[in-house]
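Asker: Below is a structure I'd like to ask you about.
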Amino acid sequence: MIPDQPARYYTILGGESQAAAGQRLARPTGRSIILIEGDHSMPILDNQTLDFVSNSADQTERLGVRLGELVRPADLICLEGELGSGKTCLARGISRGWGSVRSATSPTFSLIQEYPRASDGQRLFHIDCYRLQGPADALAIGLEDVLDCHGVVMIEWPERILSILPPDRLWVTLRWVADSKRGLCFEANGQRTQELLAAFRRSAFGVR
Ligand SMILES: Nc1ncnc2c1ncn2[C@@H]1O[C@H](COP(=O)(O)OP(=O)(O)O)[C@@H](O)[C@H]1O
Ligand SMILES: [Mg+2]
């Protein structure tokens, strides 16, 4: 369950199990992190970062729905993580929340999938860079045009084409924790994505 009313703030002290209430801890990046107690979840956050452990594919998808409801044209969401970490699962939720009538599947074989929205014709793109060797390949498949066309863009394996990505992006790092648990860390890298992350935090976790 995503908590509606996170009750208390905790700091991570060497790991989730040793969290102590009311303190902050500086990360290596210099940013502090705060862990919010949740039902079965533990989001960690500051203005640029939100970290969360999802307990099921369903929960990851629902989290994606919350995010998808808030994205706007030209928003870029990067999904980094090993195979099976839940990138496509989260992307499916985002596309649902955004209003795609078609369910997002893995674009591994088509590289770029486009999801038009019935209500207003806006477009959302889902791109998989797994098979790309680098930015030159991305240019060859027309990825720059997609990034320029004012649609919402979700990219799996974005680290392969980092140099051509716009700087203001929401970077989601997914990690395998256990069979049905995945860690999801959201990092905003610019003004727009900080706004998006703040709205997402309010919507998904009830935190201001
Ligand atoms: N908490 C979770 N969040 C997301 N996926 C999960 C979770 N627990 C188990 N899974 C499973 O992990 C797999 C994730 O697959 P997928 O989203 O295609 O990963 P990726 O796109 O990163 O390769 C799915 O089979 C999903 O059911
Ligand atoms: Mg995938």
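Asker: Test of understanding: among Arg201, Arg123, which residue is touching a residue at least 12 places away in the same chain (Cβ under 8 Å) and within 15 Å of the chain's Cα centre (by Cα)?
Answerer: Details: Arg123 fails: within 15 Å of the chain's Cα centre (by Cα).
Answer to the check: Arg201.
Asker: Also, quick follow-up: From Leu67, Leu13, Leu63, Leu25, grab the single residue that is at pLDDT 90 or above and either within 16 Å of ligand 2 (Cβ to nearest atom) or more than 22 Å from Ser119 (Cα to Cα) (or both). Break it down stepwise before answering.
Answerer: Numbers: Leu67 fails: either within 16 Å of ligand 2 (Cβ to nearest atom) or more than 22 Å from Ser119 (Cα to Cα) (or both); Leu13 fails: at pLDDT 90 or above; Leu25 fails: at pLDDT 90 or above.
That would be Leu63, the only listed residue that is at pLDDT 90 or above and either within 16 Å of ligand 2 (Cβ to nearest atom) or more than 22 Å from Ser119 (Cα to Cα) (or both).
Asker: Specify the residue that is nearest to ligand 2 (Cβ to nearest atom); the eligible residues are those in segment 128-146 that are assigned to a loop (DSSP other than H, G, I, E, B) and closer than 22 Å to Tyr115 by Cβ.
Answerer: The selected residue is Tyr130.
Asker: Tell me which residues, restricted to segment 33-60, are in a loop (DSSP other than H, G, I, E, B) and at pLDDT below 95.
Answerer: Listed by number, the residues that qualify are Glu37, Gly38, Asp39, His40, Ser41, Met42, Pro43, Asp46, Asn47, Gln48.
Asker: Here is a further query. Starting from segment 147-163, keep only residues that are without any contact (Cβ under 8 Å) to a residue 40 or more places away in the chain and in a strand (DSSP E or B), then list their pairs with residues that are among the aromatic types (Phe, Trp, Tyr) and more than 16 Å from ligand 2 (Cβ to nearest atom) whose Cβ atoms are within a distance under 7 Å, requiring at least 6 positions of separation or different chains.
Answerer: Cβ pairs passing all conditions: none.
Asker: Looking at the structure I just gave you, is Gln113 more than 21 Å from Val53 (Cα to Cα) and in contact with a His (Cβ under 7 Å, 6 or more places away or on another chain)?
Answerer: yes
Asker: So Arg192 fits all but one of (1) under 19 Å from Thr49 (Cα atoms); (2) crowded, with 18+ Cβ neighbours inside 10 Å; (3) away from ligand 2 (no atom under 16 Å from the Cβ); what number is the exception?
Answerer: (2)
Asker: Looking at Val177, is it of a type in the set (Val, Ile, Thr) and either surrounded by 21 or more Cβ atoms within 10 Å (Cβ to Cβ) or not in a strand (DSSP E or B) (or both)?
Answerer: In short, no.
The values are calculated or read from the model by the stated rules, or taken from the named source; none is laboratory data. These figures come from a predicted structure and were not determined experimentally. Quick reminder, even Gly has a Cβ in these numbers, built from the backbone with ideal geometry, and neighbours come from all protein chains shown.
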